[in-house]
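These notes are about the structure you will find just below.
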Amino acid sequence: MMGFQTSNQERLFYSFNLEDHVPKNHLLRGIDQYLDLGDLRQHLSEFYSHTGRPSIDPELMIRMLVIGYSFGIRSERRLCEEVHLNLAYRWFCKLGLEDAVPDHSTFSKNRHGRFRESGAFRHLFESVLQRCMSEGLVRGEGFATDASIIKADAQRMQSIPGEEAMNWTHSEDAPRAVREYLDALEETNDPSFIPKFVSTTDPSATWTGATGGPAFFAYCTNYLIDLKAGIIVDVEASAVNKAAEVDATRAMIDRVEEKFDIKPERLVGDTNYGSAAMLNWLVDEKQIEPHVPVCDKSERKDGTFSRSDFQWDEQADEYRCPEGHALRSNWRPFKKPRKRITNEDTIIYRSSQLDCAACPKKDRCCPNTEFRKIARSIHENARDVARQINLTPEYQQSRSERKKVEMLFAHLKRILKLDKLRLRGHSGAQDEFLLAATAQNLRRMAKWLTPAAQEASVVPA
């Protein structure tokens, strides 16, 4: 017999418990187990008035943001709708069936105000990281670093040449991102660097064509991860260029050491981090093994001798060519010794013109010049240390482990849907990257440490 629906929506009283309607293997149960916001109120207490009407609970807003970044809900309007309708989201936010959901404008007001001024998102990230450490997911023996390009919320058509942007002046009517950009220009005071194009809506974004397609405005998110479980130990927003990525990595390593007293024994990275200055900083200043390919452009492909064909004599401070002739930086003594260091932090070693003129292998050494020159970095000793590490089995293992940071970037863009930013300005990019990294660490803890979460059913956004 065909049945009929017998439920009645006009009932006045219900016996309902949210706890009974959230699956035991739901991902949010694992996240809730490891998310501790107990000290959030104390951290924000100085940024709230002691009088007036009560505000929206900051813990509620943080929990809603965690949901948004954990499930790829990029719009805050939609986030409020999803929390209003989804029972699991209400349970995670500690809301009852009849409790009201905050308006979406509340997030913008707090993000640009007390959350940013207090560093609430950095505090949240570090508290989650501390929990990862206490659960044994961070070993601290090896870190990996890398950067990924994220599109900015800036259109190509809304831009001007960089020279025109240099003439901008402060105005109270200017957008927040523009004021932030002008403040950064005054702080750096570097008129030598003029970008090709500057966005009128997000001037801090970098105009880049690094992906090979049409150029666009973007930021870089820089990750520093622990290699044991792929936990993100720090994250930093930067411009899209190698120098900014290297500076971000230095800042992250210093910050982790200062905050958590953790310094890795080895750092794994790609060729972007294999510059002479970076290797010297790792080897000589930080005593960290650089498991990084050396950025070396001295190898020649035209059949002539490369720098590796010349023997270095440390005591004599000279190179020896395949024929045994010397290449020196000083061929005669000076009353005042000269350092001979160029603007590129190199020392030029030159052969004798007389030696080269009579050399039978001149055609294979310097066929188009009268003598041979070799540029040696002042940090060459650190580069040699990296070259020796590159020959070890441990280096090959590190190269394999570096894929963990690349997988996190793929997860960030494909699963969390953060392939384009919503917030503008460097501070907006930093806020989004911090929240996304926090969500990734929470998801990692929930799936690694909660047995029931191994088969978690992720609610579609």
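Structure notes:
- Residue match in region 214-226 (condition: at pLDDT 95 or above, on the phi < 0 side of the Ramachandran plot and among the charged types (D, E, K, R)): yes
- Qualifying position, being at pLDDT below 90 and touching an Asp or Glu at 6+ places or on another chain (Cβ under 7 Å), among ALA152, ALA177: ALA177
- Residue in region 69-123 that is surrounded by the most Cβ atoms within 10 Å (Cβ to Cβ), counting only those that are among the aliphatic types (A, V, I, L, M) and without any contact (Cβ under 8 Å) to a residue 12 or more places away in the chain: LEU85
- In region 155-167, residue modelled with the highest pLDDT [restricted to those that are surrounded by 12 or more Cβ atoms within 10 Å (Cβ to Cβ) and outside any helix (DSSP H, G or I)]: GLN155
- Contacts under 7 angstrom Cβ, first residue in region 382-408 being not assigned by TED's automatic domain parsing to the domain that holds THR346, partner outside any helix (DSSP H, G or I) and among the aromatic types (Phe, Trp, Tyr), 6 or more apart: VAL405/TYR223; LEU408/TYR223
- Beta carbons closer than 7 Å, at least 6 apart along the sequence or on distinct chains, pair a first residue in region 143-158 that is over 30 Å from VAL268 (Cβ atoms) with a second that is of a type outside the set (Ser, Thr, Tyr) and in a strand (DSSP E or B) for ASP153/LYS420; ALA154/PHE217; ARG156/PHE216.
- Within region 338-357, considering residues that are in a loop (DSSP other than H, G, I, E, B) and of a type in the set (Ser, Thr, Tyr), the one surrounded by the fewest Cβ atoms within 10 Å (Cβ to Cβ): THR342
- Taken over region 393-419, the criterion of being of a type outside the set (A, V, I, L, M, F, W, C), assigned to a loop (DSSP other than H, G, I, E, B) and in contact with a helix residue (DSSP H, G or I) (Cβ under 9 Å, 6 or more places away or on another chain) is satisfied by ASP419 alone.
- Among the candidates ARG364, ARG422, the residue that is farther than 21 Å from GLN130 by Cα and part of a helix (DSSP H, G or I) is uniquely ARG364.
- Subset of region 382-427 (residues that are among the basic types (Lys, Arg) and farther than 26 Å from SER238 by Cα): ARG387
Conditions tested, residue by residue: (1) more than 18 Å from VAL283 (Cα to Cα); (2) not hydrophobic (A, V, I, L, M, F, W, C).
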position	(1), (2)
ILE225	yes, no
LYS228	yes, yes
ILE231	yes, no
ASN241	yes, yes
VAL246	no, no
ILE253	no, no
LYS263	no, yes
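The values are calculated or read from the model by the stated rules, or taken from the named source; none is laboratory data. Treat the numbers as computed from the prediction; the structure is a model and nothing was measured. A quick note on method: Cβ atoms are made from the backbone with ideal geometry, for glycine too, and the neighbour counts reach across all protein chains shown.
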